[in-house]
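The values are calculated or read from the model by the stated rules, or taken from the named source; none is laboratory data. Note that this is a predicted model, so its numbers are computed, not measured. Cβ placement follows ideal geometry from the backbone for every residue including glycine, while neighbour counts extend to all protein chains displayed.
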Amino acid sequence: MEDAVPHAPDASAAEYPEPARADATGNANDPSEDERRLARAVEALIFASDEPVAPGRLAEVFAEVTGREAPGKDRVAETVEHINAAYEEGGRPFRIEEWGEGYQMATRSDWAPLVKTLLAGPRRQSLSRSLSETLAVVAYRQPVTRPEVDFIRGVSADYALRKLMELELIDVQGRSDSLGRPLLYGTTEHFLEEFGLASLDDLPTLREVEELLDDPNFNEERAKLLQLRREDESRAEGDDAGSEDTESETAEPTDDHAGEKEDPASPPDDDASPHEDIVSNDP
């Protein structure tokens with residue numbers, strides 16, 4: 001008999017105890033090839049799904065792919081029972097359980113401690129939309145500066161960049177030669193590991209994004225906006241510096257005699273002798 005559990009280790013050790021069916025005369029027949037095919041199809045579909053699969057959906061897919069008549073709900077339930085019987089006989093650590101109105105693979109309770117220990121290990125943290133967008137910009141445009149990321153996303157990326165660095169998905173890879181020498185960001189080896197990539201060449205092609213980023217008009221407009229932003233920042237810094245200089249000049253001490261009034265008609269004569277106003281009595 002063929003393997004009973006195509007996707008499981010050591011599947012060849014298990015065999016389905018197929019149900020006997022009666023013919024028109026009431027005599028029991030051996031399991032048909034259709035029954036074996038249905039059993040393997042049901043098992044494969046349930047195994048491949050992350051969520052419970054309804055009997056109706058199992059029957060629908062089976063009929064659509066094989067071209068055979070869709071099995072009824074009772075027949076699907078009967079098939080699941082026989083699959084579980086094969087698992088039990090073969091000592092499998094899992095079985096098919098009924099959850100709500102669907103079927104799903106589940107580990108037997110005897111092996112629960114092993115599974116819990118595995119799932120308790122480090123797991124990939126789900127990224128928010130903001131982090132995902134920022135990471136995509138860095139991945140496809142690296143090395144890239146923060147002002148460039150800000151422009152592409154339309155909002156400040158300061159928090160997102162810091163958070164992605166904390167997650168070790170990006171890091172600083174140098175400085176740009178442009179005005180102000182802003183930091184350049186790029187992805188890390190950890191980024192490749194997390195997303196199952198051997199290299200950046202394995203990144204999926206986003207044709208629309210590439211066409212937008214490579215558009216000369218887009219790049220020209222971006223350069224203008226970045227230049228205006230730098231000019232605004234420089235102007236703001238200059239205004240702040242001017243205000244500080246004005247306050248400094250106002251606070252400087254004035255001349256000691258600045259408060260004394262002078263007669264504009266009688267300017268002081270530096271060469272005058274202090275005794276010229278004394279009348280001489282000599283003959």
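Brief remarks on what is shown
- Only residues that are within 10 Å of THR134 (Cβ to Cβ) and either of a type in the set (Phe, Trp, Tyr) or not assigned by TED's automatic domain parsing to the domain that holds ALA139 (or both) were counted across segment 150-166, and they come to 1.
- Qualifying residue in segment 86-107 (condition: among the hydrophobic types (A, V, I, L, M, F, W, C), in contact with a Ser or Thr (Cβ under 8 Å, 6 or more places away or on another chain) and in a strand (DSSP E or B)): yes
- Residues (under 19 Å from the mean Cα position of the chain (by Cα) and part of a strand (DSSP E or B)) located in segment 164-183: ILE170, ASP171, VAL172
- Any chance TYR103 is in the same structural domain as GLU43 (by TED's automatic domain parsing) and under 39 Å from the mean Cα position of the chain (by Cα): yes
- Checklist (1) over 16 Å from the mean Cα position of the chain (by Cα); (2) exposed (fewer than 11 other Cβ atoms within 10 Å of the Cβ) applied to ARG129, failing item: (1)
- Where a residue in segment 81-107 is polar (S, T, N, Q) and its partner, wherever it lies, is part of a helix (DSSP H, G or I), with Cβ under 6 Å and at least six apart: THR107/VAL115
- Lone qualifier among LEU183, LEU164 - being surrounded by fewer than 17 Cβ atoms within 10 Å (Cβ to Cβ), among the hydrophobic types (A, V, I, L, M, F, W, C) and out of contact with any Pro (no Cβ under 6 Å at 6 or more places or on another chain): LEU183
- Of everything in segment 68-77 that is of a type outside the set (Lys, Arg) and either at pLDDT below 90 or part of a helix (DSSP H, G or I) (or both), the residue that is farthest from ALA41 (Cα to Cα) is ASP74.
- Among the residues making up segment 38-58, those that are part of a helix (DSSP H, G or I) and in contact with a helix residue (DSSP H, G or I) (Cβ under 6 Å, 6 or more places away or on another chain) are LEU38, ALA39, ALA41, VAL42, GLU43, LEU45, PRO55, LEU58.
- Consider segment 184-202 and keep the residues that are in a helix (DSSP H, G or I) and more than 17 Å from SER126 (Cα to Cα). The one that is modelled with the highest pLDDT is GLU189.
- Some residue of segment 134-150 being surrounded by fewer than 17 Cβ atoms within 10 Å (Cβ to Cβ) and farther than 22 Å from GLU220 by Cβ: yes
- Pair list, Cβ under 8 Å, 6 or more apart: segment 49-61 residue farther than 14 Å from ILE96 by Cβ, other residue assigned to a loop (DSSP other than H, G, I, E, B): ALA59/ALA70; ALA59/PRO71; ALA59/GLY72; GLU60/ALA70
- Contact map, segment 153-181: residues that are without any contact (Cβ under 8 Å) to a residue 12 or more places away in the chain paired with residues that are assigned to a helix (DSSP H, G or I), Cβ distance under 7 Å, separation 6+ or inter-chain. Pairs shown: SER156/ASP150.
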